[in-house]
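Okay, structure first, notes after.
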Amino acid sequence: MNLFASEENEIHLDLPQADIVYYPSFISSEKASEYYNRILSETEWQHDDIKVYGKVYKQPRLSALYGLNNDPYTYSGLTMLPKIFTPLLRELKNKIEKISELTFNTVLINQYRDGNDSVGWHSDDEKELGKNPVIASLTFGAERYFHLKHKTNKVLRNKLLLEHGSLLLMKGETQHYWQHQIPKSKVIQSPRINLTFRVI
């Protein structure tokens, strides 16, 4: 695995044409479990249809969009309208903004109910996100592998286990040159909640 640690509790992925930082213990396990339970119960989950290669499928996960404005977010033929940020989401946003020194106005929340839920290869490069978007990804619940592959150099691949309470920051040109996925897993029986903060 191409990793190098620059500081305690901060890991930089040594990948060309990418700027990715991983914080494995961004939130303590006990506090992360508290957040997990609250988000699981407080979120207004949706189970939407998406279009992949011209065919319509039920999205293999539950989702919800929250924002500080009314700007919609469109991907895979699905347009989501944001709900108003909750106090809990603002609290998490503030934590991420403090460490990243960035400002976010939208969060897409996904619930992977078990290992049958997944997200296929993609880049977060929708036009609403602008050039060189920053994606801040929080994980609560079950650990899942996060796979990366370069768009043109097929030899360049990586995978990282996203832990309970961890934060992954994808910055710079990452979305231009890399795709990522959360694959299915037969061994995962419990849910994972993922919050991806971004700017729309």
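The values are calculated or read from the model by the stated rules, or taken from the named source; none is laboratory data. Note that the structure is a prediction, hence the values are computed from the model and not measured. Heads up, the Cβs are rebuilt from the backbone with ideal geometry, glycines too, and the neighbour counts pull from every protein chain shown. With ligands, DNA and RNA removed, areas are computed over all heavy atoms of the protein, side chains included. Shrake-Rupley method; radii C 1.70, N 1.55, O 1.52, S 1.80 Å.
Worth pointing out:
- Scanning segment 100-112 for residues that are modelled with pLDDT of 95 or more and touching a strand residue (DSSP E or B) at 6+ places or on another chain (Cβ under 7 Å) gives PHE104, ASN105, THR106, VAL107, LEU108, ILE109, ASN110, GLN111, TYR112.
- Answer residue from segment 47-60, given it is open to solvent by 50 Å² or more (accessible area, probe 1.4 Å) and touching a residue at least 12 places away in the same chain (Cβ under 8 Å) and is farthest from GLY120 (Cα to Cα) among those: HIS47
- When segment 169-197 is filtered for residues that are under 15 Å from the mean Cα position of the chain (by Cα) and within 21 Å of ARG38 (Cα to Cα), the ones remaining, listed by number, are PRO191, ARG192, ILE193, ASN194, LEU195, THR196, PHE197.
- Identification of strands (runs of 3 or more DSSP E) wholly contained in segment 93-200 with 2 or more residues that are touching a Phe, Trp or Tyr at 6+ places or on another chain (Cβ under 9 Å) and open to solvent by less than 20 Å² (accessible area, probe 1.4 Å) yields 106-112, 135-141, 144-150, 157-162, 167-171, 178-182, 192-198.
- When restricted to residues that are under 23 Å from ARG192 (Cα atoms) and out of contact with any His (no Cβ under 7 Å at 6 or more places or on another chain), segment 136-156 contains 7.
- Within segment 61-75, considering residues that are part of a loop (DSSP other than H, G, I, E, B) and in contact with a Phe, Trp or Tyr (Cβ under 8 Å, 6 or more places away or on another chain), the one least open to solvent (accessible area, probe 1.4 Å): ARG61
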